Amino acid sequence: MLDIKKNWDGSALTVSLSGRLDTTTAPQLEEELKNSLDGVTDLTLDLAQLEYISSAGLRVVLSAQKIISKRGQMTVTGTNETVMEIFEVTGFADILTFA
């Protein structure tokens, strides 16, 4: 299960995720982002409560990064040790901006 919370501040959007971002829940996040990114120039993904991310979840994160990088920036915050290890092993740690 994945819980998605969104908080707008002008053109900045913070998306907080809790639970698991996997094959089952990645389409849910993809749809939420697709419907939310118009006009957003600063996207923050708060992963403090994210327990797990699979390759399907990584694909959605990378897709969001590509969209936002054309007009602003995306920052990933709150990654726990388990999720950060997945980012590092897959090379995503070199692509994404972490705070």
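Numerical summary
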quantity: Computed label-point distance, nm, for sites S18 and L62 using a 7 Å Cα→Cβ extension; calculated: 2.9
quantity: Separation of the N7 and K34 label points, Cα + 7 Å toward Cβ, nm; calculated: 2.7
quantity: Highest-first arrangement of 20-26, 3-9, 86-92, where packing means the average Cβ count within 10 Å; calculated: 20-26, 86-92, 3-9
quantity: Gain on full stretching of the segment that runs from R71 to A99 - 0.36 nm per residue minus C-alpha separation; calculated: 8.1 nm
quantity: Read-out Cα extents along the principal axes in Å, derived from the coordinates shown; its label in [x] 95, 35, 20; [y] 87, 39, 18; [z] 32, 27, 19; calculated: [z]
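Any read-out appearing in this document is the output of simple, stated calculations on the displayed coordinates, not a laboratory observation. This structure is a prediction, so every number in the text was calculated from the model and none was measured. For neighbour counting, all protein chains shown are included, and Cβ atoms are generated from backbone atoms with ideal geometry for every residue, glycine included.
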